[in-house]
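Below you'll find the structure, written out as structure tokens, and then a few comments.
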Amino acid sequence: MYGYLITRKEIMAKNNEPMEFVSFEDETDIYDVVIFPDVYRKFCQHLDSSTAFLLRGRVVSDSGAVQIEVRNIAPLS
């Protein structure tokens, strides 16, 4: 998927490492993603709201809430 970052919330995971809950939007909708600590360490410095991003991961449903668990993030040129 691709989209523009609109909100971010950093939290500490159970292992005391940072991770984020992020909302992105495209032309059709707003969607929520989870960036777990291992991916967060690799890509957090690239996240800003001035560019679109290509997101790769898997869609998961937890108690009725659908979100994307991100595995890779790349800014679109």
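The values are calculated or read from the model by the stated rules, or taken from the named source; none is laboratory data. Just so you know, these numbers come straight off a predicted model, no measurement behind them. Note that we place each Cβ from the backbone using ideal geometry, even for glycine, and neighbour counts take in every protein chain shown. For accessibility, only protein heavy atoms count, side chains too; no ligands or nucleic acids. Shrake-Rupley method; radii C 1.70, N 1.55, O 1.52, S 1.80 Å.
Condition first: in contact with a Pro (Cβ under 7 Å, 6 or more places away or on another chain) and farther than 15 Å from N72 by Cα. Can you find one or more residues in the stretch 35-44 that meet it? Step through it out loud before you land on a result.
We begin by selecting, within the stretch 35-44, every residue in contact with a Pro (Cβ under 7 Å, 6 or more places away or on another chain); these are 37, 40.
If we keep only those that are farther than 15 Å from N72 by Cα too, we end up with none.
The answer is no; no qualifying residue exists.
Collect the residues in the stretch 1-22 that are of a type in the set (A, V, I, L, M) and either part of a strand (DSSP E or B) or open to solvent by 80 Å² or more (accessible area, probe 1.4 Å) (or both), keeping them in residue-number order.
Hits for the stretch 1-22 are M1, L5, I6, I11, M12, M19, V22.
Residue check: is V59 out of contact with any His (no Cβ under 7 Å at 6 or more places or on another chain), crowded, with 17+ Cβ neighbours inside 10 Å and either part of a strand (DSSP E or B) or not acidic (D, E) (or both)?
So V59 fails the test.
This table checks each residue for (1) of a type in the set (D, E); (2) open to solvent by 80 Å² or more (accessible area, probe 1.4 Å); (3) at negative phi; (4) modelled with pLDDT under 90.
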position	(1), (2), (3), (4)
F24	no, no, yes, no
E27	yes, yes, yes, no
V39	no, no, yes, no
F43	no, no, yes, yes
V70	no, no, yes, no
L76	no, no, yes, yes
